[in-house]
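Each remark here refers to the structure printed beneath this line.
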Amino acid sequence: RWLLWWLLYRLMFLSGLLKLTSGDLTWRGLTALTFHYETQPLPTMFGWYMHQLPAWWHRASCAGMFVIELIAPFLFFAPRALRHNAALITIALMVIIALTGNYTFFNLLTIPLCVLCLDDTWWRTILPTRLTRLAPLAPVAPVAQCHVLRDIHDNFSYQVTTQCHVIGDIVLRRRIVRSAGWVAAVGVFVFTLAQEIAAFRAVPGLAPLARAVGPFRSFNSYGLFRVMTNPRPELIFEGSDDGRDWRAYEFPHKPGALTRRPTWVAPHQPRLDWQLWFAALGSPAQNRWVLALCEHLLRGTTEVLALVSENPFPKKPPRHIRVVRYEYHFTDPATRSRTGQWWRRTPRDFYVQPSALK
């Protein structure tokens, strides 16, 4: 249990700390959430609604997120009431993230770690009696057993003393093991922190330590959205038979048609839709697999077309294909009410110029 608490602490605390040490001014200025909901890889329809909230709300939400990620982790090891509150607000954060963005199993894996911070008594207060009646009561702790034994009649004083010594030895051994575990945990945490902070040159003195532990590749971090992307580039694949009339391919979950509502697909991760978000941030030279995808669309490869939700060339593949990079933004409520559009977009450049098979 203590090991899992430590893993939860490390996950949340590093997620908050690395946002501040990355040098991203939008995190430090509490403005990141004013655009995050529309620029994240695969937003949901709830993300559209969150985006409509006023700027002061997004700044307050960003500050609250830092409180949860930087302060609440220390409370996982605090007394019962503080530990429970820390777990509950962390669960609330995970639920909001799950509703507004498709992050596969991330939220589903984090919430069970928070659940471990809630004791049996708390569960008995919220669960139906028919469920708690089936759960066994937690065993009495060794120290409590020792106190109970001390109250036994004087005729059994020898047995009581003997049992208390045995229990005392068990408690001591447990404390030694726990202390050793904490030393190892703190060591891993320090090495991880040094490696990640040094990568952003936030603390120059940590660079030698980071270089020393780097080759072992044993200290992984959880830096979620350390550096924010803004605005949102989006790749639209278009085919044509004559080079003049261009029709777009639609993918199941990435933004495309302006009137299509953002989907909620987690915990499934549509790998192609997800990776196209990353590809749009780079260049074709950095993502040559996008060129391979264009070739397969020109050839009409069945396995690739199965990943497309709408094929504008169902009878035969197009002769030409191009990839246009657009800048996408959420619409406002008035625009969506008037046009039915969830998105608005502006063309930026050709990611892949009009091309054909040789």
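The values are calculated or read from the model by the stated rules, or taken from the named source; none is laboratory data. Since the model is a prediction, treat every value here as computed from it, not as a measurement. In this analysis, Cβ positions are derived from the backbone assuming ideal geometry, glycine residues included, and neighbour counts consider all displayed protein chains. For the accessible areas, the whole protein counts, side chains as well, though only heavy atoms, and no ligand, DNA or RNA atoms are used. Shrake-Rupley method; radii C 1.70, N 1.55, O 1.52, S 1.80 Å.
Taking Lys and Arg as +1 and Asp and Glu as -1, the other residues whose beta-carbon sits under 13 Å from that of ARG232 total +2.
Rolling a 1.4 Å probe over the protein heavy atoms gives the range 1-64 an accessible area of 39 Å² per residue. What does the accessible area of HIS84 come to, in Å² to the nearest 10, when a probe of 1.4 Å is used? HIS84 has an accessible surface of roughly 10 Å² with all protein chains in place. Each residue of the range 74-90 is assigned a 3J(HN,Hα), and the resulting list reads 5, 7, 5, 10, 8, x, 3, 4, 5, 4, 5, 5, 4, 5, 5, 6, 5 Hz, derived from the Karplus form 6.51 cos²θ - 1.76 cosθ + 1.60 (θ = phi - 60°), x at Gly and Pro. Each peptide in 288-294, 113-119, 232-238 was scored by the mean count of other Cβ atoms within 10 Å over its residues; highest first, the order is 232-238, 113-119, 288-294.
Can you pull the percent of the range 1-72's accessible area that's carbon plus sulfur, 1.4 Å probe, other chains left in place?
On the way: 2060 of 2780 Å².
C and S atoms contribute 74 percent here.
Atom-type composition of the exposed protein surface of the range 285-324 places 51 percent of the accessible area on carbon and sulfur (1.4 angstrom probe). Entry comment: accessible area of the range 254-356 is 56 Å² per residue, from protein heavy atoms only and a probe of 1.4 Å. Taken over the C-alpha atoms, the range 241-287 has Rg and Dmax values of 13.4, 41 angstrom. Ordering ALA334, LEU281, PRO318 by the projection of their Cα atoms onto the charge dipole of the range 271-341, which places +1 on the Cβ of Lys and Arg and -1 on the Cβ of Asp and Glu, puts PRO318 at the extreme positive end.
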